[in-house]
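Below is one structure; the comments refer to it alone.
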Amino acid sequence: MDIKEYIQSGVIESYVLGLADPAEVAELQKLRLQHPEIQQAITDFELSLENSAAANAVPVPPDVKAKIFSELLLNSPKEQQAAVAPVVEMKDAVVNRYSFLRKVAAAAIVLLLGSAALNVYYISKYRSVAKENADLIAERSSMYVQKDVYDTRMREMENDFRMLADTSMIKVDLSGTGIPGKGGNSAIVFWKQDTKDVYIAGNKLPPPPSGKQYQLWALLDGKPIDAGMIGDCATICKLKNIPAAQQFAITLENTGGSPTPDLSQLMVIGKVGG
Amino acid sequence: MKAIERYSEEQLIIMLKQHDQTAFSYLYDNYSASLYGAIVAILPDVESAPDVLQEVFVKIWKQISAYDDSKGRLFTWMLTIARNTAIDTMRSKSWKNNKRNNELTEDLITGGVTASPNTDTIGLRKIVHSLREEYRVLVELSYFEGHTQDEISRKLGIPIGTVKTRLRKAIAELGTMIKM
């Protein structure tokens, strides 16, 4: 190959100007390594082109460099400080915005965690308060019931008191004194003279065995009259109406009572007006 | 030519490949006007030239790792980027104009070439304008408008072989003129 002819063919200039086709480029790349004069010719033309471009340089508008640095987000070169000031501001703004967003995100996370913790606290608090409230409602209901009981009992006692305070009421003390083994027993019979109703109160009798019940008797001229069975009265029990009697007595009888008293089971006895 | 005063080309390339901003600033200060001249020579309107230069330097910064100094000098590489970017811009504008005016691409190309040499052409293009007409048209179409030899052959109705040899001679002559 005639190297000189190759160099003068224009292929080198085509290559440097970017007009050579791929085959020409490949050939030249190979030849430049083998022939220093081809390498030299290439470099020479490159330098000529570079010099020519420099000779035909056109002043660039002053703001272009700042725009490039801005687009690439590079720090401004010192000599361009004033021109690229906006670049610095932009970077700062971006940094500030990120740091601000990070702060906001951090604050949001803290708030979220705080809120979650408060939720847990309030749920447990709510549960304990709800339970307390339910307990209080139950307690109040039981107190209402208890109050009703007391009210009832108080009304009964008022009635009893009014009854006992009645001037027509006479009191008959029944006692176990004189009856063997019954010395500690006692009971009080109230007998309303206008209505002839009989009441019993203040029993000091042992609890009756199962299947047994105390029975009150009125004695008129030595004859026993059934005055009624003594049940579980809270205060005073109203028994039967007895028109006339000289004595009252209580015996232990089978549940439901007997037509005649079992005198072996006499618990207490007392005389009217005695 | 502004000689490299502070860095050798080797040093500059190493620094640029490391994305050294000082080196990039230095590169801009030393070569932007040369490249701007080449861009202005290609573009039909000067208004878009600053944007093209900006694009060129952004590409240089981003593509510096692709630069291979065994294929040519740094300036040659940058000049190729400038030329391609300018032609791309011109073409996208021609395409838009073409669409708007409903004109044929052929008319546009032929019009650009056959128009009488612009009196205010500069730089390399000015040198090209001093070539004889049959060479000038080929260099215009290939170098300044970026057409392939195949395209030129079709547009001008000249056999591809003729285009190839004639363009080679034209460029050889252009090279001689540039070296002077």
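Things worth noting here:
For (1) surrounded by 12 or more Cβ atoms within 10 Å (Cβ to Cβ); (2) in contact (Cβ under 8 Å) with a residue 40 or more places away in the chain; (3) out of contact with any strand residue (DSSP E or B) (no Cβ under 7 Å at 6 or more places or on another chain); (4) not assigned by TED's automatic domain parsing to the domain that holds A:Leu216, each residue gets a yes or a no:
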{"site": "A:Lys131", "(1), (2), (3), (4)": "no, no, yes, yes"}
{"site": "A:Ile137", "(1), (2), (3), (4)": "no, no, yes, yes"}
{"site": "A:Arg153", "(1), (2), (3), (4)": "yes, yes, yes, yes"}
{"site": "A:Leu174", "(1), (2), (3), (4)": "yes, yes, no, no"}
{"site": "A:Lys182", "(1), (2), (3), (4)": "yes, yes, no, no"}
{"site": "A:Lys192", "(1), (2), (3), (4)": "yes, no, no, no"}
{"site": "A:Gly202", "(1), (2), (3), (4)": "yes, no, no, no"}
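- Which listed residue is of a type in the set (Asp, Glu) and within 20 Å of A:Lys271 (Cα to Cα), from A:Asp151, A:Asp173: A:Asp173
- Which numbered condition B:Val52 misses (of (1) closer than 20 Å to A:Leu47 by Cα; (2) surrounded by 14 or more Cβ atoms within 10 Å (Cβ to Cβ); (3) not small (Gly, Ala, Ser)): (1)
- First in region B:61-75 and within 14 Å of B:Leu27 (Cβ to Cβ), second anywhere and at pLDDT below 95 and part of a loop (DSSP other than H, G, I, E, B), Cβ under 6 Å, 6 or more apart: B:Trp61/A:Leu72
- Only one of the numbered conditions (1) more than 8 Å from every other protein chain (Cβ to nearest Cβ); (2) surrounded by fewer than 22 Cβ atoms within 10 Å (Cβ to Cβ) is not met by B:Thr22, and that is (1).
- In a residue-by-residue description of region B:43-57, the property of being in contact (Cβ under 8 Å) with a residue 40 or more places away in the chain, part of a helix (DSSP H, G or I), facing chain A (nearest Cβ under 7 Å) and under 17 Å from the mean Cα position of the chain (by Cα) applies to no position.
- Residue check, A:Ile38 in a helix (DSSP H, G or I), more than 12 Å from chain B (Cβ to nearest Cβ) and either closer than 27 Å to B:Thr148 by Cα or at pLDDT below 90 (or both): yes
- Selection count where residues are assigned to a helix (DSSP H, G or I), over 10 Å from the mean Cα position of the chain (by Cα) and more than 20 Å from A:Glu71 (Cβ to Cβ), scope region B:58-92: 6
- Test result for A:Glu24, at the interface with chain B (Cβ under 10 Å from one of its Cβ atoms), charged (D, E, K, R) and in contact (Cβ under 8 Å) with a residue 12 or more places away in the chain: yes
The values are calculated or read from the model by the stated rules, or taken from the named source; none is laboratory data. In this text the structure is predicted, and so the values were computed from the model without any measurement. Every residue, glycine among them, receives a Cβ derived from its backbone with ideal geometry; neighbour counts consider all protein chains shown.
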